[in-house]
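Take a look at the structure below.
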Amino acid sequence: MSDASSTAAGASSGGGKQQDQPKQQDQPKQQDQPRDPRAGYHSGPFPEQVQKQPGLTAPMEPKPDHGEESYRGSGALSGKAALITGGDSGIGKAVAIAFAREGADVAISYLPEEEEDAQDTAEWVRKAGRKALLLPGDGRSEDFAGHIVEAALAEFGGLDVLVLNAAYQKNRDSLESLPTEEFDRVFKTNLYSLLWTARAAVPHLGTGASIITTASIQAFNPSPELIDYAMTKAAQVAFTKALAQELGPKGIRVNAVAPGPIWTPLIPATEWPEKLPSFGQDTPLQRAGQPAELAAAYVLLASDHGSYISGAVLPVTGGKGL
């Protein structure tokens, strides 16, 4: 007997007339109530802080919300296998947690110095009852890009969702101060790795598979301090739209998510502490976003809920236009 039935039976004891019990649908759940989108997450200024690249979660103040305590799955990705590059922290971590709670096994790639974050993400995936595969290495290596695809296929027996999320950015004072080696690092991390990983994965993706690129509002509204990063994000949008046309006839969808200002380790590692007190305050919602707030967008694009969405760029920007 269910708890609800037990309660109703107890109310009728003593031989008196049973009082009519409210129907369950007449008792709205808390999560069904409208919530002010300006509230519920950190909405004030962020304290000045700096980290070395690539950045870690533990030193951040305040801590990002990846949906650890809030995301509830509904089986949208039941039985599927996903590979997420840069899945150790930030947006990648939130997506890994959401995918696992939706029923997917998850492989994540990350830099070796991000092991602490990767282990924590894997723990959340396993708590959801799914497999977690950790793949440390540097995506700027073409061999490593191929390796992570092969490892995911070997572990899971197939691959249904590819999330191309790994990224690098750094604050630049001016175009003249941009070293060639840094320009090369940004392009190798954000573009070469993306191309190599997708190229290795596509032959193994079947009908119904999904590829999702993490682009950025910077592709459309570039900041001069992030000129090299913005260039790669614009290229990612072109990549997404072109590949969607190529793979659509095979039943494979390709989309991008374009985040706005999101509180991840990448932000303090960008080395612009003076910008943090106002980070995200210029959005219509007057705050920065949290990684947890992007998870549902990736689930939509990865699952059958987004079956007629391909070649799209989905903005999650707090109201800032693309």
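Using Cα springs under 10 Å in a Gaussian network model of the chain, which residue among Asp88, Asp143, Asp105 shows the largest mean-square fluctuation? Most flexible of the set in this elastic network: Asp143. Mind telling me which of Gly44, Gly280, Gly86 comes out most flexible in a GNM of the chain, alpha-carbon contacts under 10 Å? Of Gly44, Gly280, Gly86, the most mobile in the Gaussian network model is Gly44.
Using R0 = 25 Å, the C-beta based FRET efficiency linking Asp173 and Arg38 works out to 0.15. Shown in residue order for the range 49-63 are the 3J(HN,Hα) couplings computed by the Karplus curve 6.51 cos²θ - 1.76 cosθ + 1.60 at θ = phi - 60°: 7, 9, 10, 6, 4, x, x, 10, 6, 3, x, 5, 9, x, 6 Hz (x for Gly and Pro). Placing pseudo-labels 7 Å out from each Cα toward the beta carbon at Ala58 and Tyr308 gives an inter-label distance of 4.9 nm.
Between Gly157, Gly260, Gly73, the Gaussian network model of the chain with springs among Cα atoms under 10 angstrom shows the greatest mean-square fluctuation at Gly157. Arranged from fewest to most other beta-carbon atoms within 10 Å of their beta carbon, Trp272, Trp263, Trp124 become Trp272, Trp124, Trp263. One equal scatterer on each Cα of the range 237-322, no solvent, Debye formula: the resulting log10 I(q)/I(0) at q = 0.14, 0.15 Å⁻¹ is -0.59, -0.65. Residues whose amide H comes within less than 5 Å of that of Leu133, counting only those at least five positions distant or on another chain, are Val106, Ala107, Ile108 (H built at 1.01 Å from N in the peptide plane). P(r) tail, the chain: Cα-Cα pairs separated by more than 32 Å, 30% of all pairs.
How much mean residue ellipticity at 222 nm does the chain get from its helices, if each DSSP H run of length 4 or more adds -39500 (n - 2.57) and you divide by all residues, to the nearest 500 deg cm²/dmol?
-9000 deg cm²/dmol, from helical runs alone.
Residues Ser216, Ser174, ranked from the fewest to the most other C-beta atoms within 10 Å, line up as Ser174, Ser216. Only lysine pairs 8 or more places apart or on separate chains count here, and in the range 125-270 those with Cα atoms under 19 Å apart total 5.
The value for the range 85-177 of Rg(Cα) / (2.2 N^0.38 Å) is 1.16. Across the chain, the relative contact order, built from alpha-carbon pairs under 8 Å that are at least six residues apart, equals 22 percent. With contacts taken as Cα pairs under 8 Å and at least 6 residues apart, the range 196-322 reaches a relative contact order of 32 percent.
Listed by chain and number, the aspartates and glutamates whose C-alpha is less than 16 Å from the C-alpha of Lys320, apart from same-chain residues fewer than 8 away, are Asp282, Glu293.
Each residue in Ile91, Ile309 was given a count of other beta-carbon atoms within 10 angstrom of its own, and listing them fewest first yields Ile309, Ile91. The local environment of Val106, defined by Cβ-Cβ distances under 15 Å, has a net charge of -2 under the rule Lys, Arg +1 and Asp, Glu -1.
Taking 0.692 mPa s as the viscosity and 37 °C as the temperature, the Stokes-Einstein diffusion coefficient of the range 158-242 based on its alpha-carbon Kirkwood radius rounds to 240 µm²/s.
For the range 41-96, run through the trypsin sites (Lys or Arg not before Pro) and keep only the ones in DSSP coil with at most 13 other Cβ atoms within 10 Å of their Cβ. Before the final figure, lay out the partial values.
Details: sites: Lys52, Arg72, Lys80, Lys93; in loops: Lys52, Arg72, Lys80.
When the trypsin sites (Lys or Arg not before Pro) of the range 41-96 are filtered for loop state and at most 13 Cβ neighbours within 10 Å, Lys52, Arg72 remain.
Where a number appears in this text, it was derived from the coordinates with a stated rule and is not lab data. Because the structure is predicted, anything quoted here is derived from the model rather than measured. With ideal geometry, Cβ positions are generated from the backbone for all residues, glycine too; neighbour counts draw on all protein chains shown.
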